[in-house]
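Below is one structure, written out as structure tokens; the observations come after it.
Quick note: the coordinates plus some simple rules give every number you see, no bench work behind them. Nothing here was measured: the structure is a model prediction, and the numbers come from that model. A quick note on method: Cβ atoms are made from the backbone with ideal geometry, for glycine too, and the neighbour counts reach across all protein chains shown.
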Amino acid sequence: MRIWTCLLRVILGKKPEMKISLSAPIVLALTLLCSNLTAAAPIDATLFTSYFFDSTHTSLTWIVCGSTANTNGCYSSGGLGPFGKVGTMLEGYPRTDVATNTVTREIYVLDVAGGTNHNQVVLNVYTKRDVITPDYDTVTVTLSQTVTLPLTGGTSAKGMMAANKKVLLTGTNLGAIAVKVDKRAFTLTQFGTYPSNLSSITADQYGYISADFGEDEFFQLDPDGNNIQGGGGVWFMLNTVQGVPAALP
């Protein structure tokens with residue numbers, strides 16, 4: 001839609017009632033021009049966030065570095081926690097408000113040893129906001145949601161998680177189920193019980209997600225979170241940014 005709006009402005013200017021006949025090469029050239037004009041780089045494309053744990057994986061630190069229009073270096077930092085034990089983490093998709101130069105995204109932290117007995121699995125959802133100026137990036141991270149999941153946790157548990165724009169799928173290696181979390185409503189859908197415990201969760205760049213339970217069974221979700229197929233064996237997915245080990249957990 002943006003490209004067509006751009007084409008109309010280029011061709012017609014301020015006189016939309018005009019009728020103009022253009023050859024195919026000219027239309028193609030104008031389309032490429034407008035594509036470049038409308039595909040602006042994200043306003044935080046030159047900034048990145050790094051994380052590091054303490055020795056017990058019960059708290060972590062984040063720090064934002066990179067460059068703005070006029071400066072480069074590290075800008076903001078802070079901490080998350082305490083947790084019983086962080087099992088896995090994931091960042092959500094960014095949302096940009098160009099008018100205020102603000103980028104907002106979620107950080108999902110799965111605590112696999114929550115509660116007083118350190119056996120609860122809790123999804124902690126943080127909201128991260130970057131306010132970017134030519135000279136600085138001011139970052140705030142606040143806890144926005146906590147969801148206790150019907151999963152088996154403990155200090156020896158390993159967490160697994162993958163997501164797309166609509167849902168998040170997670171679980172631990174101590175249970176034979178996986179739980180789907182709706183990112184907006186935070187409603188839960190349980191998959192299982194399967195013959196073996198959860199061994200891996202993988203995803204591709206289009207939002208498909210696959211969950212394996214040992215070598216016995218798997219199931220797969222589409223980008224809308226629907227269970228589209230399953231069966232026996234180990235089926236996994238690849239994406240464009242993170243490698244999958246030849247021997248899955």
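Details
- Rg to Rh quotient for region 43-151, alpha carbon positions, Kirkwood Rh: 1.03
- Two-site label geometry, K166 and S144: point separation in nm, points 7 Å out along Cα→Cβ: 2.0
- Label-point separation, D204 to L188 (7 Å along Cα→Cβ), nm: 3.0
- Ordered from longest to shortest, the equivalent ellipsoid semi-axes for region 158-249 are 18, 16, 12 Å, each the square root of 5 times a Cα gyration tensor eigenvalue.
- If the chain linking N226 and F52 were pulled fully straight, counting 0.36 nm for each residue of separation and taking away their Cα-Cα distance, it would gain 59.2 nm.
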